[in-house]
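In what follows, a single structure is set out as C-alpha cells and then discussed.
Every number in this text was worked out from the coordinates using simple rules, so none of it is lab data. Note that the coordinates shown come from a computational prediction; the quantities given were computed from them, not determined experimentally. Heads up, the Cβs are rebuilt from the backbone with ideal geometry, glycines too, and the neighbour counts pull from every protein chain shown.
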Amino acid sequence: MKSKTLVPKYIFAVLFVFIFLFPLYVLINNSIKPFADVRISEMWLPAENPSSEGFKEAFSKLGQNLKNSFLLVIPVSLMSIVFGSIIGFIFSKLRFRFSNVLFALIIFGMFIPYQSILIPLVRTLNKIGLYGKLSGLIVTHIIYGLPISTLMFRNYYAKIPDELLEAGMIDGMSLWGAFLKIIIPISMPTMVVVLIWQFTSVWNDFLFAVVITQKPSIQPITVALQNLAGSQVIEWNVQMAGALIAAIPTLIVYIFLGKFFIQGLLSGSVKG
Amino acid sequence: MYCPKKDIKIGLIILFPLLAILFLFVYGFIAWSLRVSFTDWNGIIPNMDWVGFENYRYLFQSQRFQTDLRNTFYFTLFFIIICIVGGFFLSYLLYAKLKAESLFRTIYLFPLSLSFVVTGVLWRWIFNPEIGLNALLQMIGFKAEFGWFTSTYSIGGFNVALSSLIIAASWQYMGYTMAMFLAGLRSIPDQLIESAKIDGAGEWRIIRSIILPIIKPITFSAMIVLGHVSLKIFDLAYAMTGKGPAFVTDFPGLFMFETTFRGNHYSEGAAISVIMLLLIAVVIVPYLVSTFRSEDV
C-alpha cells in the first residue's frame with residue numbers, strides 16, 4: 001500500500017529532474033558541437049559530431065581569466081577563515097557593552113546592495129593604488145565577506161560549551177591560548193563551510209569584478225565570459241563551452257562537498 | 001562565561017581594527033554615497049556642490065526609473081511565489097523518503113552553485129526567439145512566435161519580457177527554498193505525523209494542520225532572503241537581457257551601474273543606490289531586530 005501512494009511522487013520528482021537538467025543538456029550538448037554544426041534551430045538536436053573545437057577556442061580566450069579567478073578566490077577564502085574565526089569567536093564567547101548591537105551592525109553588512117558602496121569604494125581603491133588590480137578585488141572581497149564568515153563561525157562557536165574553554169583556562173591557558181589550542185582544532189567543519197561558501201560566492205561574483213578590473217588580462221572568469229558572450233561574432237558553441245568552463249569549478253565543489261555547501265546555505269538566513 | 005579582564009581586553013584590541021575597517025567600508029561608504037546623491041557630480045572629476053533632492057526628483061520623474069521600480073516589484077513578487085510554492089512542493093516530494101533522495105536533492109540544488117552570469121548566458125540562448133524554446137516548440141509542431149525577453153508587451157504594468165528572467169532566476173533558486181523547507185520538515189517528530197495518521201487524518205489534513213504551521217517561520221525567512229536577492233538583482237539581467245527595449249528588463253541595479261560607470265553620472269547613480277539600500281533596509285532591519293531580540297533571552 002505504501003509504495004502505491006509514492007508512485008505519483010516519483011513521477012513528479014523525475015519530471016522536475018528533467019526541468020532542472022534540460023538547461024544543462026543545452027549547455028553540454030552545444031559546447032561539444034563543431035563550428036560547422038552550429039546552425040539555426042539545431043540547438044536542441046543532439047550533437048552528431050562531438051568535437052573539442054568549442055572548448056579549445058573558449059579555453060584560448062578564457063584560460064588566463066580562469067587562472068585569475070583561482071588567484072582571487074584562494075586568498076579570499078583563506079583570509080575569510082582567519083578573520084571570520086577570530087571575530088566569530090569574540091562575539092560568541094565574550095560579553096561586552098553593545099556586543100549585540102555591534103554584531104547586528106556587522107550582519108547588516110551582508111545584506112546591503114553593493115551598489116550603495118561602489119562609488120566610494122572605487123575612489124578609495126584608486127587612492128591607495130589598488131584600483132584596476134586583482135589585489136584590489138581580493139581586499140574588497142575579504143572585507144565584504146567578513147559578515148557572512150563571522151556569522152558562520154559565531155553560530156558554530158555558540159554551540160561549543162563554555163566548560164571546554166574554562167577547562168583549558170583552569171589548566172593555565174589564557175583565553176587566546178585556549179582559542180588556538182582547543183577551539184581552532186575543532187573548527188574544521190565550519191572552516192570547510194566558510195571555505196566553500198566564499199570560494200563559490202567570490203568565484204560567481206560579477207559586480208565587484210566588472211567595476212574594479214578593467215584590463216581583460218586580469219579579469220576573473222565571470223567578467224570575461226560576459227564579454228565573450230556579449231560579442232555577436234562568437235559562435236554559440238564557444239559561448240556554451242565558455243559558460244561550462246566557468247561553471248565547472250563550483251560544480252565540482254558542489255558535487256563533492258555538497259553537504260557543506262547546503263550547510264552554508266542554510267546559515268545564510270541568520271539563525272544557525 | 002567567565003573570562004579574565006585581560007583576555008577580554010586583548011579580544012577588543014584585535015577586534016577594533018577589523019571592525020573599524022569593516023564599518024568604514026560599509027557605513028562610512030554608505031554615508032559617502034548618500035552625500036554624493038545630493039550633489040551635481042556628472043563627470044570624471046568629483047563635484048560636491050549641494051543640490052538637495054534634485055537627483056531623487058529627477059529619478060522619480062524619469063520613465064526609466066519608474067519602469068525599474070515596477071519591474072522590481074513584479075520580479076520580486078513572482079520570483080518569491082514560484083520559489084516558495086515550487087520549493088515546498090519539491091521538499092514535500094522528498095519528505096516522503098523517496099529512494100535516491102540525495103540524487104534528487106543534488107539535482108534540484110545544483111543551479112545554485114552557478115554564477116548568475118553562467119545562468120544568464122545559458123538562458124539567453126534558451127529564450128532566444130529564433131533558436132530557443134520557440135524552435136523546440138516548432139519542431140514538435142506548434143506555431144510558437146513568442147518574443148520572450150524581447151517582447152514589449154505589458155499587462156497592467158507587468159512587462160511580459162520579465163517572465164524569462166523570472167523563470168531563469170526561479171530555476172536557480174528553487175532548490176534553495178526546497179533545502180530550507182526540507183530541513184524544517186525533517187525536524188517534525190515522526191510520532192506527531194504517525195499519531196495523526198492513527199487518528200484518521202488524511203494527507204491534506206496533515207499538510208494543513210501540522211506541516212504548514214511548522215514551516216511558516218521558514219517561509220518567512222525564505223521570503224526575506226529571496227526578497228533581498230531580487231531587490232539587488234543585477235548580474236542575471238546584465239548577462240541575460242540587458243535593459244531591453246523600452247527598459248522592459250531593466251532594474252535599479254543595472255541602471256545604477258550603467259549611469260555611474262558608463263555614463264559618469266555619479267550623483268544620479270548614488271541616488272539610485274541609496275533608494276536600493278532603503279528598499280532592502282525596509283525588509284532586512286525588522287528581520288534582524290526581531291532575530292537578535294529573541295536571541296537575547
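Close amide H contacts of B:T39 (hydrogens built in the peptide plane, cut-off under 5 Å, sequence separation of 5 or more or a different chain): B:V51. Close amide H pairs (under 5 Å, H built 1.01 Å from N) link B:S154 with B:V160, residues at least 5 positions away or on another chain. For A:R97 and A:S60, the difference between the fully extended length at 0.36 nm per residue and the C-alpha to C-alpha distance is 7.7 nm.
Please tell me which of these pairs span more than 31 angstrom C-alpha to C-alpha: A:K133/A:K159; B:K97/B:K232; A:K259/B:K216? The pairs that break the limit, which is 31 Å between Cα atoms, are A:K133/A:K159; B:K97/B:K232. Plainly put, segment A:181-248 has a radius of gyration that is 1.19 times its Kirkwood radius, both from alpha-carbon atoms, as the Rg/Rh ratio.
In whole Å, what is the distance between the alpha-carbon centres of segment B:112-139 and segment B:178-220? Using only Cα atoms to place each centre, the spacing works out to 37 Å. Against the main long axis of the alpha-carbon atoms of chain A, helix A:221-230 sits at an angle near 30°.
Here the alpha carbons of segment A:54-267 define both size measures, Rg and Dmax, at 19.9, 70 Å. Seen against the Cα atoms of chain A and their longest principal axis, helix A:236-267 is set at about 30 degrees. Which FRET efficiency, nearest 0.05, do B:L24 and B:Y153 yield, Cβ-Cβ r, R0 56 Å? Here the calculated transfer efficiency is 0.75. Taking the square roots of five times each eigenvalue of the Cα gyration tensor of segment B:205-297, the equivalent ellipsoid has semi-axes of 35, 19, 8 Å, listed largest first. Taking a straight line from the alpha carbon of A:K33, these lysines sit under 20 Å away, with near neighbours fewer than eight places off in the same chain left out: A:K56, A:K61.
What's the angle, to the nearest 10 degrees (0 to 90), between helix A:115-127's Cα axis and the longest principal axis of chain A? The two axes meet at around 80 degrees.
A straight line joining the Cα centroids of segment A:90-153 and segment A:36-60 runs 43 Å.
May I ask you to evaluate 6.51 cos²θ - 1.76 cosθ + 1.60, the Karplus curve with θ = phi - 60°, for each residue of segment B:148-163 and list the ³J(HN,Hα) values in order in whole Hz, giving x for glycine and proline? Values, residue by residue: 6, 6, 9, 5, 10, 6, 9, 10, x, x, 8, 6, 4, 4, 5, 4 Hz. Kirkwood analysis of the Cα pair distances in the protein assembly as shown returns a hydrodynamic radius of 25.4 Å. Here's the list of lysines a cross-link from B:K6 could span, going by alpha-carbon distance under 23 Å and ignoring same-chain residues fewer than 8 apart: A:K93, A:K181. Classify segment B:21-296: rounded, prolate or oblate, from the alpha-carbon gyration tensor (a ≥ b ≥ c, eigenvalue square roots; a/c under 1.5 rounded; otherwise prolate if a/b is larger than b/c)? Verdict is oblate for segment B:21-296.
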